[in-house]
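Participant: Got a structure here, written out as structure tokens. Questions coming.
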């Protein structure tokens, strides 16, 4: 059986000597007398569990220690005199950063059980780099039926060169879809130029699209290339196309028909080779019926049509998306935060996400920064905790067994033999139950 590796931070060396005397089978420990030494060992080795020895509340510089503890995927156990648990300085650090503590003196069975539980928990968090297809495709995240359908549609669209109209609510990732089409098409090596039609004043949109010559108007001191010309050979992404003024719609339609542009203030007609991908969150069919959008432009753009599903329509992806956002924003994570609680995951699944993926990103990033908990809960996300599910028979049985064992252990001051006699089971059976129920002795 392979020996498990542990790290011991021990400034004075007293715990190290006691640990050697215990002769814990299946474990080997490397000792670091300083934080610098610990950092070097953690960088070069694979440790599932770490022990930190405290002979006083100020044994280690706490800010530097907390930075070290939070950086590595190690389950930490504090080794200290029980009197230090009352320290106003040390107690908050233990709550935030340690899996458990072991009060001195070291005891073989108790320490072995604590180490075993910590190692088991560390094993749950071992990260295997996911394959791209495990998370999604085209740089997008999702494995739900709605997303699999979207991937199949994109597979077909990247093989041709026609205009694309992408629909979907705000925050669903329409620009991400447009970028994916560009990256996986024959135009991937050419420019991808994005323009938000709703974010530019109406008086400037024409010159932004088509560019202008020097002297075309007051302030035009030199020639400027427009977004269409900048995207020549590649893809022009027109976001919020439904906000384009009607007079500009006519100019865009002319470009789509003739594949040429004339800069503002110029006379030369320039040939362009641009694939146009447009996106909107508005109902263009209704806009056409109400006279707010040209019908002929709508049909020019809507050769290929995609709809990006709202987040509430693919709730199977929410937990995966939240984890990907968490993993990609580790620089924002508060020191003690280790992931999401079950309550947070249930709350995210129950919420309707009117702001879609953009709102999910915002809430997760906020929680990673502001949470004071080890695991992000519903309140950290600004959500209401979902109603707890009805427990299973096994869960009820485990709860009752745990309460009985903990009560008996407390009555007999953690004397396992006396507890086993009182409960009518053997010591071996009791140890198995303690291990299964993750009871700290």
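Participant: Residues that are in contact (Cβ under 8 Å) with a residue 12 or more places away in the chain, within 23 Å of residue 112 (Cβ to Cβ), within 37 Å of the chain's Cα centre (by Cα) and not in a helix (DSSP H, G or I): does the range 423-438 have at least one?
Facilitator: Yes, that holds for at least one residue.
Condition check ((1) at pLDDT 90 or above; (2) in a helix (DSSP H, G or I); (3) not assigned by TED's automatic domain parsing to the domain that holds residue 148) across all residues:
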{"position": "326", "(1), (2), (3)": "yes, yes, yes"}
{"position": "337", "(1), (2), (3)": "no, no, yes"}
{"position": "359", "(1), (2), (3)": "yes, yes, yes"}
{"position": "362", "(1), (2), (3)": "yes, yes, yes"}
{"position": "367", "(1), (2), (3)": "yes, yes, yes"}
{"position": "386", "(1), (2), (3)": "no, no, yes"}
{"position": "397", "(1), (2), (3)": "no, yes, yes"}
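Participant: What is the residue count in the range 256-277 for residues that are touching a strand residue (DSSP E or B) at 6+ places or on another chain (Cβ under 6 Å) and under 14 Å from residue 238 (Cα atoms)?
Facilitator: Counting residues in the range 256-277 that are touching a strand residue (DSSP E or B) at 6+ places or on another chain (Cβ under 6 Å) and under 14 Å from residue 238 (Cα atoms) gives 4.
Participant: I need the helices (runs of 4 or more DSSP H) fully contained in the range 53-159, keeping only those with at least 3 residues that are in the same structural domain as residue 33 (by TED's automatic domain parsing), within 27 Å of residue 39 (Cβ to Cβ) and in contact with a strand residue (DSSP E or B) (Cβ under 8 Å, 6 or more places away or on another chain).
Facilitator: Output list reads 90-97, 108-124.
Participant: Still on this structure: Within the range 25-39, does at least one residue satisfy the condition of being part of a helix (DSSP H, G or I), within 27 Å of residue 332 (Cβ to Cβ) and touching a strand residue (DSSP E or B) at 6+ places or on another chain (Cβ under 8 Å)?
Facilitator: Within the range 25-39, one or more residues are part of a helix (DSSP H, G or I), within 27 Å of residue 332 (Cβ to Cβ) and touching a strand residue (DSSP E or B) at 6+ places or on another chain (Cβ under 8 Å).
Participant: When residues of the range 203-242 are filtered for being in contact with a strand residue (DSSP E or B) (Cβ under 8 Å, 6 or more places away or on another chain) and either touching a residue at least 24 places away in the same chain (Cβ under 8 Å) or in a strand (DSSP E or B) (or both), how many remain? Give the derivation first.
Facilitator: Taking the range 203-242 first, the residues in contact with a strand residue (DSSP E or B) (Cβ under 8 Å, 6 or more places away or on another chain) are 206-213, 216-217, 220, 223-224, 226-231, 234-242.
Okay, now just the ones that are also either touching a residue at least 24 places away in the same chain (Cβ under 8 Å) or in a strand (DSSP E or B) (or both), so 206-207, 209-213, 216-217, 220, 223-224, 226-231, 234-242.
Within the range 203-242, residues that are in contact with a strand residue (DSSP E or B) (Cβ under 8 Å, 6 or more places away or on another chain) and either touching a residue at least 24 places away in the same chain (Cβ under 8 Å) or in a strand (DSSP E or B) (or both) number 27.
Participant: Just to be sure before I move on: is residue 282 over 30 Å from residue 215 (Cβ atoms), at pLDDT 95 or above and either out of contact with any strand residue (DSSP E or B) (no Cβ under 6 Å at 6 or more places or on another chain) or surrounded by fewer than 18 Cβ atoms within 10 Å (Cβ to Cβ) (or both) in the structure I sent? Can you show your working first?
Facilitator: Details: over 30 Å from residue 215 (Cβ atoms): yes; at pLDDT 95 or above: no; either out of contact with any strand residue (DSSP E or B) (no Cβ under 6 Å at 6 or more places or on another chain) or surrounded by fewer than 18 Cβ atoms within 10 Å (Cβ to Cβ) (or both): yes.
No; evaluated as a whole, the condition is false for this residue.
Participant: Can you spot a residue in the range 355-367 that is under 14 Å from the mean Cα position of the chain (by Cα), closer than 23 Å to residue 92 by Cα and crowded, with 20+ Cβ neighbours inside 10 Å?
Facilitator: Yes, that holds for at least one residue.
Participant: Follow-up question, since we're still on this one. From the list 54, 29, 98, pick out the single residue that is under 30 Å from the mean Cα position of the chain (by Cα) and either more than 24 Å from residue 336 (Cβ to Cβ) or surrounded by 13 or more Cβ atoms within 10 Å (Cβ to Cβ) (or both).
Facilitator: On the way: 54 fails: under 30 Å from the mean Cα position of the chain (by Cα); 29 fails: under 30 Å from the mean Cα position of the chain (by Cα).
98 is the lone residue from the list that is under 30 Å from the mean Cα position of the chain (by Cα) and either more than 24 Å from residue 336 (Cβ to Cβ) or surrounded by 13 or more Cβ atoms within 10 Å (Cβ to Cβ) (or both).
Residue-by-condition table, conditions (1) over 12 Å from residue 197 (Cβ atoms); (2) at pLDDT 90 or above:
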position	(1), (2)
219	yes, no
226	yes, yes
229	yes, yes
233	yes, yes
236	no, yes
251	yes, yes
256	yes, yes
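The values are calculated or read from the model by the stated rules, or taken from the named source; none is laboratory data. Just so we're clear, the structure is a prediction, and the values are computed from it rather than from any experiment. When we count neighbours, we look across all protein chains shown, and the Cβ atoms used for this are built from the backbone with ideal geometry, even at glycine.
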